[in-house]
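**Student:** First, the structure itself, so that you have it in front of you.
The values are calculated or read from the model by the stated rules, or taken from the named source; none is laboratory data. These numbers were taken from a predicted model, which means no experiment stands behind them. Cβ atoms come from the backbone with ideal geometry, glycine included; neighbour counts cover every protein chain shown. Surface accessibility is based on the protein's heavy atoms, side chains included, excluding ligands, DNA and RNA. Shrake-Rupley method; radii C 1.70, N 1.55, O 1.52, S 1.80 Å.
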Amino acid sequence: MSAPAVLPLSIIARELNRLRTSNPLVHLLTNEVVQEITANVLLAAGASPAMIVAEEEAGHFAAIAGALLVNVGTLYPAREAVMRQAVLAANAASVPWTLDPVAAGALQYRSAFCTELLELGPAAIRGNASEILALAGSRASVRGVDSTAGSNDALDAAQRLSRNTGAIVAVTGETDYITDGRETWATPWGHPLMTRVVGTGCALSALVAAFTAQAPKRLDAVAAACALAGIC
């Protein structure tokens, strides 16, 4: 099988222009360690971030947002309840939501919650190779929140996970692979230094969520988000 094609720059430019023109409101339920970094990345890209975390408000806000991010990096029972409420409200309002399954496969509690979330129909899933392997039901070796596998090792798992869930799946690394289970783009602009800065993956997942807002073709939108992060 031939290697996935590299995403054309014309698609990146088109999707970035669409994002900046629409300036989507993005509801971020994200890792508490990286909230400020994530907000600044979305502002720089052209989206409008908001972090509504109260259980009394999360569902209402998710329903009026352009997109929702669910990042399980700092998961605990109260946050789990808010995430579940927001996802159900987003689904009811046809708001696309993105799952970042931080450390899935490493710890049972978060792995079980991520498996539950898969049943609720994410529009996109963005994870490293170990996380995507774990969600796809394959053996995955992890070290904390870091992957010990390369993105190429998880390409088949990403395609299988996409077919099983209907989500666009992005498995990220030195080269990112973004797939709808049939068609796959590659964005080969990763760098080892990205692993030395806290929050690059979490910020990328927020970008993915932002790009899915009103996207005519989600595969292109998610791939453009990955490309933008790598090139920048």
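**Student:** Taking the condition of being closer than 15 Å to V41 by Cβ and in contact with a strand residue (DSSP E or B) (Cβ under 9 Å, 6 or more places away or on another chain), how many residues in segment 7-27 meet it? Can you show your working first?
**Tutor:** Step one: filter segment 7-27 for residues closer than 15 Å to V41 by Cβ, giving 16, 19-20, 23-24, 26.
Now narrow it down to the ones that are in contact with a strand residue (DSSP E or B) (Cβ under 9 Å, 6 or more places away or on another chain): 23-24, 26.
So the count comes out to 3.
**Student:** Can you pull out the residues in segment 169-195 that are surrounded by fewer than 22 Cβ atoms within 10 Å (Cβ to Cβ) and small (G, A, S)?
**Tutor:** If the condition is that a residue be surrounded by fewer than 22 Cβ atoms within 10 Å (Cβ to Cβ) and small (G, A, S), then G173, G181, A186, G190 are the ones that fit.
**Student:** Could you run through segment 121-139 and say how many residues are surrounded by fewer than 24 Cβ atoms within 10 Å (Cβ to Cβ) and at pLDDT below 95?
**Tutor:** Number satisfying all stated conditions: 3.
**Student:** Would segment 28-40 turn up any residue that is open to solvent by 20 Å² or more (accessible area, probe 1.4 Å), in contact with a Ser or Thr (Cβ under 7 Å, 6 or more places away or on another chain) and hydrophobic (A, V, I, L, M, F, W, C)?
**Tutor:** yes
**Student:** Still on this model: Given the conditions (1) part of a helix (DSSP H, G or I); (2) touching a strand residue (DSSP E or B) at 6+ places or on another chain (Cβ under 9 Å); (3) over 26 Å from K217 (Cα atoms), report the number of the one that E36 does not fulfil.
**Tutor:** For E36, the exception is condition (2).
**Student:** So, in segment 47-58, how many residues would count as being surrounded by 13 or more Cβ atoms within 10 Å (Cβ to Cβ), farther than 20 Å from G73 by Cα and free of Cβ contacts under 8 Å to residues at least 60 places away in the same chain?
**Tutor:** 2
**Student:** Give just the number: which of (1) surrounded by fewer than 16 Cβ atoms within 10 Å (Cβ to Cβ); (2) more than 17 Å from S111 (Cα to Cα); (3) of a type in the set (G, A, S) does A78 not satisfy?
**Tutor:** It fails just one condition, (2).
**Student:** For residues that are closer than 17 Å to A209 by Cβ, hydrophobic (A, V, I, L, M, F, W, C) and out of contact with any Pro (no Cβ under 9 Å at 6 or more places or on another chain), scanning just segment 13-27, find the one that is surrounded by the most Cβ atoms within 10 Å (Cβ to Cβ).
**Tutor:** Here is the first cut: in segment 13-27, the ones closer than 17 Å to A209 by Cβ are 15-16, 18-20, 22-27.
Remaining after also requiring hydrophobic (A, V, I, L, M, F, W, C): 16, 19, 25-26.
Keeping just the survivors that are out of contact with any Pro (no Cβ under 9 Å at 6 or more places or on another chain) gives 16, 19.
Working: L16: 17, L19: 24.
Among them, the one singled out is L19.
**Student:** A further question on this structure: Among the numbered conditions (1) among the aliphatic types (A, V, I, L, M); (2) open to solvent by 20 Å² or more (accessible area, probe 1.4 Å); (3) free of Cβ contacts under 8 Å to residues at least 40 places away in the same chain; (4) out of contact with any Cys (no Cβ under 9 Å at 6 or more places or on another chain), tell me where L118 comes up short.
**Tutor:** (3)
**Student:** Which one of these is buried (at least 19 other Cβ atoms within 10 Å of the Cβ) and within 15 Å of P4 (Cα to Cα): S151, S205? It would help to see each step written out before you state the result.
**Tutor:** Details: S205 fails: within 15 Å of P4 (Cα to Cα).
Residue meeting the stated conditions: S151.
**Student:** Quick test of your reading of the structure: S111 fulfils all but one of (1) within 25 Å of V197 (Cα to Cα); (2) open to solvent by less than 10 Å² (accessible area, probe 1.4 Å); (3) modelled with pLDDT of 95 or more. Name the failing condition by number.
**Tutor:** Only one criterion in (1) within 25 Å of V197 (Cα to Cα); (2) open to solvent by less than 10 Å² (accessible area, probe 1.4 Å); (3) modelled with pLDDT of 95 or more is unmet by S111, namely (2).
**Student:** Checking the conditions here, which among T21, T30 is within 16 Å of the chain's Cα centre (by Cα) and either within 18 Å of R126 (Cα to Cα) or modelled with pLDDT of 95 or more (or both)?
**Tutor:** Exactly one of T21, T30 is within 16 Å of the chain's Cα centre (by Cα) and either within 18 Å of R126 (Cα to Cα) or modelled with pLDDT of 95 or more (or both), namely T30.
**Student:** Something else about it: Output the number of the condition that A106 fails; it satisfies all remaining conditions of (1) over 16 Å from the mean Cα position of the chain (by Cα); (2) surrounded by fewer than 18 Cβ atoms within 10 Å (Cβ to Cβ).
**Tutor:** (2)
**Student:** Same structure, new question: Going through segment 179-232 one residue at a time, which ones are outside any strand (DSSP E or B) and among the polar types (S, T, N, Q)? It would help to see each step written out before you state the result.
**Tutor:** First, the residues of segment 179-232 that are outside any strand (DSSP E or B): 180-183, 188-232.
Of everything in segment 179-232, those that are outside any strand (DSSP E or B) and among the polar types (S, T, N, Q) turn out to be T195, T200, S205, T212, Q214.
**Student:** Let me ask something else about it. I'd like to check something: does segment 158-168 contain any residue that is within 22 Å of D220 (Cα to Cα), in contact with a strand residue (DSSP E or B) (Cβ under 8 Å, 6 or more places away or on another chain), open to solvent by less than 80 Å² (accessible area, probe 1.4 Å) and not in a helix (DSSP H, G or I)? Reasoning before the result, please.
**Tutor:** Within segment 158-168, the first condition is being within 22 Å of D220 (Cα to Cα), and the residues that meet it are 158-168.
In the following step, the residues that additionally are in contact with a strand residue (DSSP E or B) (Cβ under 8 Å, 6 or more places away or on another chain) were identified as 158-159, 161-162, 165, 167-168.
Going one step further and asking which of them are open to solvent by less than 80 Å² (accessible area, probe 1.4 Å), we end up with 158-159, 161-162, 165, 167-168.
Checking which are not in a helix (DSSP H, G or I) leaves us with 167-168.
Yes, there is a match, as at least one residue in segment 158-168 is within 22 Å of D220 (Cα to Cα), in contact with a strand residue (DSSP E or B) (Cβ under 8 Å, 6 or more places away or on another chain), open to solvent by less than 80 Å² (accessible area, probe 1.4 Å) and not in a helix (DSSP H, G or I).
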